[in-house]
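First the structure, in the form of C-alpha cells, and then the observations on it.
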Amino acid sequence: MIVIFAISLCSIVLKLSIFFYSAHRYGQAIDLYTQAIELNSQNAVYWANRSLAHTKLEEYGSSIQDATKAIEVDPKYSKGYYRRGAAYLAMGKFKEALKDFQQVLGL
C-alpha cells in the first residue's frame with residue numbers, strides 16, 4: 001500500500017513539475033523535481049529534468065551536478081550526458097561539452 005502511494009505521489013509531483021517547467025516557472029519546477037527525487041532518488045529522469053530547469057535559470061553548476069547524478073543512476077541514459085554537455089557549453093567549457101556530446105552519440 002505504501003509503495004503504491006509513493007508511486008502515485010511521484011507521478012503527481014512529476015506532472016506538476018512538467019506543468020511548471022512548461023509555464024517557464026523553473027524555480028517551482030526545481031522544487032517539485034526535488035520532491036520527486038526525495039521520493040525516488042534512483043530515477044535518472046528526475047535528475048536530468050531538474051538539471052534542465054537549472055540550466056534555464058543559468059545555474060550551470062547545479063545543472064552539472066544533477067546531470068552527473070542522472071548519469072550515475074543510469075549510465076546509459078543519454079539525456080544525462082546531453083544535459084551536462086549543454087551546461088558545460090553554456091559555461092564555455094568546450095572540451096568537457098564535446099566529451100559529453102560524443103558520449104551521447106556513442107549510446
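Averaging 1/r over every pair of different alpha carbons in the chain and inverting the result gives a Kirkwood radius of 13.8 Å. Comparing S63, S11, S51 in a Gaussian network model of the chain, where Cα atoms under 10 Å apart are tied by springs, the biggest mean-square fluctuation is seen for S11.
Among the listed pairs K56/K93; K76/K99; K56/K79; K56/K95, those with a Cα-Cα distance over 19 Å are K56/K95. For the pair V104 and Q42, label points projected 7 Å from Cα toward Cβ lie 2.8 nm apart. Per-residue ellipticity at 222 nm computed for the chain from its helices equals -27000 deg cm²/dmol, with DSSP H segments shorter than 4 residues left out and the rest contributing -39,500 (n - 2.57).
Coordinate-derived values only; no laboratory data. Values in this document were obtained by computation on a predicted structure and should not be read as measured data. Counting neighbours? That spans all protein chains shown, and the Cβs are built from the backbone with ideal geometry, glycine included.
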